[in-house]
Amino acid sequence: MKNISSVEAKSYMLLTTADRQIEGFTHGTDPVTSFEDSLFEAIFFHEGAVLPDIFTFISSAIASKQSDAGLMHLELAVEEGLVIPAFRYNCTSFSESLALIEEQGIQGVQEVPRIIAHRLDNAFEKNKTRKLINGANEISQVFAVRLLNGLKSFTMRASSQPIVEEVVITADFINKYGMKNEVIAAIENEHGELRRGTFYNILLSALNKISDSGKRIVHDSARDIFEHPACVFNPNARIAAHNLVALANATYHINMADSFGVGSYMPGRIYAPWAQPALVTATCVARDIPMERSLTSTEAKNEKLAITVSIPSVSQLRVVPWGELLKIRNDLGRGYFASIKAWHEEPDKYAGEVERCLQAYAKALTSAVKTNAPLATVALHKFSDTDKVSIRSATQLVLDAISEGNPVAKLFISAVGPLSNIAYSWLSERNINLEFAHSRYKSVVI
């Protein structure tokens with residue numbers, strides 16, 4: 001087995017849609033469809049995906065498939081090395097990770113997780129490369145610092161201009177129920193670390209002070225928090241709870257992606273527009289970016305390449321036999337992936353090659369679905385090679401969109417290596433958009 005480096009994984013995307021705790025945030029999409037969409041997008045339009053061990057065992061989308069006959073797309077992708085498992089500490093299999101997760105008492109694990117552990121271990125055994133990622137030991141410590149700073153940022157922003165009502169409501173909730181002090185105490189109790197589940201429990205305790213639900217531990221944020229009596233009957237509590245869960249989730253995903261050295265994939269359909277303040281806060285805190293919008297026009301400059309192409313939607317691709325799609329990916333897809341990297345290095349010289357390779361790749365995929373593919377505009381953004389300028393420029397776009405009341409703003413956050421400083425935007429009128437980011441420390445509004 002080979003523990004891969006961040007350099008090798010830089011173009012891979014974290015499968016955040018396998019996270020049970022964001023299933024309640026899905027915007028018009030069920031968890032199974034959302035997971036499948038992200039899996040196909042990561043494999044056929046990025047270089048692959050990374051599946052954290054904990055997501056494997058808390059995901060309702062994966063759990064719903066574990067008793068199905070035949071191989072799941074996820075199993076096939078693991079066999080081919082297109083999905084790389086990320087295990088904790090020195091674990092080298094899903095079964096080893098599950099045993100440690102159960103020993104640690106991690107919240108939210110599905111009732112019968114051993115079936116999926118054995119199925120994925122069988123798939124991983126057939127993988128010739130056997131590449132895996134082991135998470136850094138300090139991941140919970142970094143999460144603790146970032147989440148606490150996120151709470152502080154919310155309370156500081158409540159008095160800034162322009163006033164955002166959701167921020168003020170959330171800040172009032174944080175202050176009224178002493179959430180910062182509760183988090184600080186939890187961090188001290190856990191010797192400098194903090195688990196996301198611990199924060200959920202702190203939030204649940206605050207909600208119970210409004211109306212006791214009888215629950216003391218959160219296993220599912222949608223069921224245990226969003227459906228909490230306090231959220232159902234108190235609009236302000238609902239707004240605060242939603243933003244605090246979004247803050248915890250976004251911080252958790254960015255933090256995990258940073259630890260693995262991969263992209264954090266958060267397409268717009270996962271988070272509804274009201275969650276934007278929390279997502280921007282998590283982004284700025286993680287990258288140490290001031291919330292004040294003080295960028296110059298020079299700083300916000302970026303290169304962009306827009307290509308109009310007929311390309312299948314994910315729902316169309318899912319009906320094509322796996323082997324046929326994989327053959328196309330390993331053939332014309334090679335030119336597509338290589339041209340993207342070359343464009344990043346020399347945008348002026350390789351713009352034409354990107355279009356040529358993408359058109360050929362899209363044509364082959366369209367032929368495979370044996371039906372007309374929708375017309376889409378694929379926009380590639382190349383931000384500055386300076387990390388701080390990149391994230392400041394992109395975050396500026398998000399803040400501007402929010403201040404203008406743009407209800408369709410999409411926030412993308414990722415944290416991958418220097419080679420993939422590009423954002424993809426698949427803009428088309430379709431039920432399921434292909435929307436993803438592939439960038440170095442940035443967020444992007446589409």
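The values are calculated or read from the model by the stated rules, or taken from the named source; none is laboratory data. This structure is a prediction, so every number in the text was calculated from the model and none was measured. Heads up, the Cβs are rebuilt from the backbone with ideal geometry, glycines too, and the neighbour counts pull from every protein chain shown. Calculation scope for accessible area: heavy atoms of the full protein, side chains included, ligands and nucleic acids excluded. Shrake-Rupley method; radii C 1.70, N 1.55, O 1.52, S 1.80 Å.
So that you can scan it fast, the table gives a plain yes or no per residue for (1) open to solvent by 40 Å² or more (accessible area, probe 1.4 Å); (2) at pLDDT below 60; (3) part of a helix (DSSP H, G or I):
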{"position": "GLN276", "(1), (2), (3)": "no, no, yes"}
{"position": "VAL280", "(1), (2), (3)": "no, no, yes"}
{"position": "THR283", "(1), (2), (3)": "no, no, yes"}
{"position": "ILE289", "(1), (2), (3)": "no, no, no"}
{"position": "ARG293", "(1), (2), (3)": "yes, yes, no"}
{"position": "THR296", "(1), (2), (3)": "yes, yes, no"}
{"position": "GLU299", "(1), (2), (3)": "yes, yes, no"}
{"position": "LEU305", "(1), (2), (3)": "no, no, no"}
{"position": "THR308", "(1), (2), (3)": "yes, no, no"}
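Does region 131-142 include one or more residues that are open to solvent by 30 Å² or more (accessible area, probe 1.4 Å), within 26 Å of GLN276 (Cβ to Cβ), without any contact (Cβ under 8 Å) to a residue 24 or more places away in the chain and β-branched (Val, Ile, Thr)?
no
Quick one: would you say LEU74 is aliphatic (A, V, I, L, M), more than 30 Å from LEU325 (Cα to Cα) and crowded, with 18+ Cβ neighbours inside 10 Å? Working first, answer last.
Values: aliphatic (A, V, I, L, M): yes; more than 30 Å from LEU325 (Cα to Cα): no; crowded, with 18+ Cβ neighbours inside 10 Å: yes.
No; evaluated as a whole, the condition is false for this residue.
Is it the case that region 55-67 has a residue that's free of Cβ contacts under 8 Å to residues at least 60 places away in the same chain, in a helix (DSSP H, G or I) and of a type in the set (S, T, N, Q)? Working first, answer last.
Taking region 55-67 as the starting set, the residues that turn out to be free of Cβ contacts under 8 Å to residues at least 60 places away in the same chain are 55, 58-67.
Still in the list and also in a helix (DSSP H, G or I): 55, 58, 60-63.
Next cut, of a type in the set (S, T, N, Q) only: 60.
Yes, region 55-67 contains at least one residue that is free of Cβ contacts under 8 Å to residues at least 60 places away in the same chain, in a helix (DSSP H, G or I) and of a type in the set (S, T, N, Q).
Quickly run through region 110-130 and pick out the residues that are surrounded by fewer than 18 Cβ atoms within 10 Å (Cβ to Cβ) and aliphatic (A, V, I, L, M).
Hits for region 110-130 are VAL112, ILE115.
Consider ASN236 carefully, then state whether it is in a helix (DSSP H, G or I), out of contact with any Gly (no Cβ under 7 Å at 6 or more places or on another chain) and open to solvent by less than 20 Å² (accessible area, probe 1.4 Å). Give the derivation first.
Values: in a helix (DSSP H, G or I): yes; out of contact with any Gly (no Cβ under 7 Å at 6 or more places or on another chain): yes; open to solvent by less than 20 Å² (accessible area, probe 1.4 Å): no.
So ASN236 fails the test.
Name the single residue, out of those in region 143-165 being under 25 Å from the mean Cα position of the chain (by Cα) and open to solvent by 60 Å² or more (accessible area, probe 1.4 Å), that is nearest to PRO52 (Cα to Cα).
Step by step, filter region 143-165, then rank; the result is VAL145.
Out of TYR361, TYR336, I need the residue that is within 22 Å of GLU80 (Cα to Cα), without any contact (Cβ under 8 Å) to a residue 40 or more places away in the chain and under 25 Å from the mean Cα position of the chain (by Cα). Which one?
On the way: TYR361 fails: under 25 Å from the mean Cα position of the chain (by Cα).
Testing whether each residue is within 22 Å of GLU80 (Cα to Cα), without any contact (Cβ under 8 Å) to a residue 40 or more places away in the chain and under 25 Å from the mean Cα position of the chain (by Cα) leaves just TYR336.
So how many residues does region 198-224 have that are in contact (Cβ under 8 Å) with a residue 40 or more places away in the chain and not in a helix (DSSP H, G or I)?
Number of matching residues: 4.
Take region 28-39 and flag every residue that is buried (at least 24 other Cβ atoms within 10 Å of the Cβ) and farther than 23 Å from MET1 by Cβ.
Going residue by residue through region 28-39, those that are buried (at least 24 other Cβ atoms within 10 Å of the Cβ) are 34-35, 37-39.
Within region 28-39, SER34, PHE35, ASP37, SER38 meet the criteria.
Which members of region 126-152 meet the condition of being basic (Lys, Arg) and touching a Lys or Arg at 6+ places or on another chain (Cβ under 9 Å)?
At the first step, the residues of region 126-152 found to be basic (Lys, Arg) are 126, 128, 130-131, 146, 152.
Result: ARG130, LYS131, LYS152.
Restricting to region 248-274, name every residue that is at pLDDT 90 or above and either more than 23 Å from ALA86 (Cα to Cα) or open to solvent by 10 Å² or more (accessible area, probe 1.4 Å) (or both). Break it down stepwise before answering.
Filtering region 248-274 for residues at pLDDT 90 or above gives 248-249, 251-252.
Residue satisfying the conditions is TYR252 alone.
Mind telling me which of the residues SER153, SER159, SER140, SER97 ends up being touching an Asp or Glu at 6+ places or on another chain (Cβ under 6 Å), more than 29 Å from PHE45 (Cβ to Cβ) and among the polar types (S, T, N, Q)? Spell out how you get there, then give the answer.
Numbers: SER153 fails: touching an Asp or Glu at 6+ places or on another chain (Cβ under 6 Å); SER159 fails: touching an Asp or Glu at 6+ places or on another chain (Cβ under 6 Å); SER97 fails: more than 29 Å from PHE45 (Cβ to Cβ).
Of SER153, SER159, SER140, SER97, the one residue that is touching an Asp or Glu at 6+ places or on another chain (Cβ under 6 Å), more than 29 Å from PHE45 (Cβ to Cβ) and among the polar types (S, T, N, Q) is SER140.
Given the conditions (1) open to solvent by 10 Å² or more (accessible area, probe 1.4 Å); (2) touching a residue at least 12 places away in the same chain (Cβ under 8 Å); (3) more than 22 Å from LEU82 (Cα to Cα), report the number of the one that ILE101 does not fulfil.
Answer for ILE101: the failing condition is (1).
Could you count how many residues in region 177-194 are loosely packed, with under 14 Cβ neighbours inside 10 Å and assigned to a helix (DSSP H, G or I)?
As a first pass, look at region 177-194 and keep what is loosely packed, with under 14 Cβ neighbours inside 10 Å: 178, 181, 185, 188-189, 191-192.
Those left that are additionally assigned to a helix (DSSP H, G or I): 181, 185, 188-189.
Going through region 177-194 one residue at a time, the tally reaches 4.
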